Amino acid sequence: MQSYSLNNISDFVSGEFFGITTNSFVKIIIDSRKISRFKETLFVAIPGEQHDGHKFIPELYSKGVRSFIISKKTDCTKYPEASFLMVNNPVKALQELAAYKRDNYKNPVIAITGSNGKTIVKEWLYWILSPYYRITRSPKSYNSQTGVPLSLWLLEEDSDLAIIEAGISQPGEMELLEKIIKPDIGIITNIGQAHQANFDSPEQKAAEKMKLLQNCKTVIYSKDCEPVSSQEELLSQVKRKITWSKEAPAEIFVKQIKIQDSFSDISLDYKNNTYSFRIPFTDKGSVQNAISTFSVLAALDIEISEKYLNRFSSLSGVKMRLETIDGIHNSIIINDSYNSDINSLEIALDYLNQKKANKESVLVMSDIHQSNEPEPDLMKSVAKIVKDKKINHFIGIGEVLNRNKSVFPEGSVFYEDTASFLEKSGMSVFYDKAVLLKGARDFKFEKISKKLQQKSHLSVIETDLTLMRQNLLYFKSLLKPGTKMMVMVKAFSYGSGYREIAAFLQHNRIDYLAVAFTDEGTELRQNGIETPVMVMNPNVQSLHTMIEYRLEPEVYSVSLLKELVKELRDSNVTDFPIHIKLDTGMHRLGLVPEDIEEVCELIKTSGKIKIASVFSHLSGSDSSDFDDFTVQQAETFSLMYEKIADLSGYRPDRHILNSAGILRFPEYHFEMVRLGIGLYGLIPELCDKLVPVSKFKSAISQIHKVKKGDTVSYNRSGKITADSLIATVPVGYADGLDRHLGNGHWKVVINGKKVPVIGDICMDMCMIDISGIDAKEGDEVIIFGPQNTINEMSSVLKTIPYEVITGISQRVKRVYFED
């Protein structure tokens, strides 16, 4: 890609340049954690409510970044080799940069918008056209006010075609995106309920999205989508419309859609010809997306021959999220094998480096099929990325990689195909490694994933880290700038898994983690977690281990503090951080007012200890019934804290609020808050802005026809009152599915339909009545999820969500997804 310099781009980006004129950049980054090719990178410092990009300039400069766009005054003398462009609005500057890149691109640009299906249509278009065209497309779902300009920056002059996603969440955004994308062909997939919150009606949202298309030469849409087709004034200005419909007159008429068991046959009439193709999907959304994809072929005015139509049959479901699972030999496996182009490779390797912690990295990669770049150039580019991202071990699979093995780092290993890798590769190479699987679909890397994963249990807990980040950012938005956050990862991170959740929180720069026991903190340290960790229930026997692993104890009694002083006496440790727990009314653990003088004297005379924080725990912060007592606790806490501050001579951080308290008592945020169940989105009665992040699912093992009068399960507990279809699911009370949910007390979800659990729940299995619904062996079964939530399950069990989520057995596989 072409290189640029800040002093040159100041001609078309409004701003004031200062610094070194000789620095150049190729890449643009807005997330300081995702930079690898430091000297070739421009960092755009975007200020936000919780994270200000300007704070990371010193760190990035020390690593080699030399080009910065800023909006706050910066002392240039600290960065003598850097170049700066001072602007009023960094996001606007980023968009101006992208507009310049777009203006210099002369080939067609396709823009896709809509409520759903944008990424799928983009990826399907890429799959069908990439053997014949050199294409630049948005990575993943980069469709926001910052994602779109970052996508446009990837444009190369020799690309035949660009495919760019555009998404909005509120009025006024699309007009800004249209000015920088300037599409030649525009597609609106559909208008649904997604992102409806900031719009008065679907029609208003449609009108806003249609602004992307106002200057297009060609617009593609469905006449069957009323919110779109009703935008007559705007559509009347479009030079060329390619519409499709099942009923109304349209340029493309949907002649027939024939749904089979696992595929759909579609026939379309266009320009007096009938075009037929098959897709390996049966759902309505996939059929609509396939027709939109076909419509682009018409818009490009290419001969729609069998070479394009045949590729529809090999379309795959688009995984828009990276999947992370625990692997054999203490490894972690990141599966991103749904595509294999060079831009997605860089993004996936950034994610690998984010997740690896203290592990060495391994890239297992297949040949790249979706590229028109000359083979030698492509392989050199891949090898450079592997080097720049500091990948420790490279394993190449495929004939092309084998032919070009000489350009890859010394020690790289190559195999002709996936079968030879599985046959010849020893699995010990993955011991304690972080592994990225990046393979084209015809290499069937799912076989590698299956062999490397630690657990093959059909039942899994899926955790959506993108939703978790959404919840985290919501809580951060409630805090004043500078207020710290401690996040609870005790009890196996509320059933979600220590390592992955802690790594996620560390990546998001959480100030503190908290665990219940020393063993939990030790495991975090052994897995590369460097964030400060507070241990909430330490014991005397574990104090030595805590010192060794830099874990910070909660001190809740005089006797525990005395033992800690003894342990530290003969060590070289100074300023060992502790967290003093005060009992303000919970009466579980904590110091009482009579203990304070003795505790402060012990700390002062030891010369080894520093009070990092003073805290307490509210008894009823989630209920207005106990608000008077909460205020009383806070007042008691403040009196005790002031005495500690007075006797110690300094003011440690204070924290008293849990998730519910953060929402309900902003006056007690103090210097730090503690986030627990709220991170997982499980307090909807207090906040409708939180989203549950976990889904518990399994699959149907077997289906039986059971006659009226027969029974199901132990004790003949499930009475069959009519001839029924009964499915067995391999999840039971040993997995965390409570026995009290049997005999119709709970419903699972199969293919969008709720069905009851029948009979007693067994240790490893349960049975469900699937009579009257379309289901087969192997179909997914949602134990709890969006349609049958944890909160509903806890209500049935007359308990709290904490007990449900922490009760899921560790034998159930944990899988993590992130956009």
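The values are calculated or read from the model by the stated rules, or taken from the named source; none is laboratory data. None of these values were measured; they are calculated from a predicted model. Note: ideal-geometry Cβ built from the backbone for every residue, glycine included; neighbour counts use all protein chains shown. The area values use the complete protein model at the heavy-atom level, side chains included, leaving out ligands, DNA and RNA. Shrake-Rupley method; radii C 1.70, N 1.55, O 1.52, S 1.80 Å.
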Q) Hey, got the dipole for the stretch 326-392? About the Cα centre, +1 on K and R Cβ, -1 on D and E Cβ, debye to the nearest 20? A) 380
Q: With a 1.4 Å probe and every protein chain kept in, tell me what percent of the accessible surface of the stretch 88-234 is carbon plus sulfur.
A: 45
Q: Return one quarter of the surface area of the convex hull spanned by the alpha-carbon atoms of the chain, equal to its mean projected area, in nm².
A: 39.5
Q) Pulled fully out, how much extra length does the chain show between HIS544 and LEU725, if you take 0.36 nm times their separation in residues and subtract their Cα-Cα distance? A) 59.3 nm
Q: Place +1 on the Cβ of every Lys and Arg and -1 on the Cβ of every Asp and Glu in the stretch 105-192, take the dipole about the Cα centre, and give the residue among LEU155, ALA111, ILE191 whose Cα lies farthest towards its positive end.
A: ILE191
Q: For the stretch 109-134 and the stretch 500-573, compute the distance between their C-alpha centroids and round to whole Å.
A: 49
Q. So, in nm, how far is label ASN104 from label LYS271 when the simple model puts each one 7 Å beyond its Cα toward the Cβ?
A. 3.5
Q. Residue farthest toward the positive end of the dipole of the chain, with Cβ of Lys/Arg at +1 and Asp/Glu at -1: which of GLY439, SER236, VAL91?
A. GLY439
Q) With axes computed from alpha carbons, what is the tilt in degrees of helix 558-569 against the longest principal axis of the chain, rounded to the nearest 10 within 0 to 90? A) 80
Q: Calculate how many DSSP beta bridges within the chain are antiparallel, expressed in % of all such bridges and rounded to the nearest 5.
A: 40
(Q) List the lysines whose Cα sits under 23 Å from the Cα of LYS271, skipping any in the same chain fewer than 8 residues away. (A) LYS217, LYS223, LYS239, LYS241, LYS246, LYS255, LYS258, LYS307
Q.
List the aspartates and glutamates whose Cα sits under 19 Å from the Cα of LYS182, skipping any in the same chain fewer than 8 residues away.
A. GLU96, ASP103, GLU156, GLU157, ASP158, ASP160, GLU165, GLU173, GLU208
Q.
Can you tell me the orientation of helix 627-648 relative to the chain, as the angle in degrees between its alpha-carbon axis and the longest Cα principal axis, to the nearest 10?
A. 60
Q) Roughly how many percent of the accessible protein surface of the stretch 263-347 is carbon and sulfur, given a 1.4 Å probe and a whole-percent answer? A) 45
Q | Within straight-line cross-link reach of LYS754, lysines at Cα separation under 16 Å, skipping those fewer than 8 residues along the same chain | A | LYS695, LYS697, LYS776
**Q.** Cβ-based net charge around SER624, under 12 Å, with every Lys or Arg adding one and every Asp or Glu removing one
**A.** -4
(Q) I'd like the orientation of helix 342-355 relative to the chain: the angle between its Cα long axis and the longest Cα principal axis, in ° from 0 to 90, rounded to 10. (A) 10
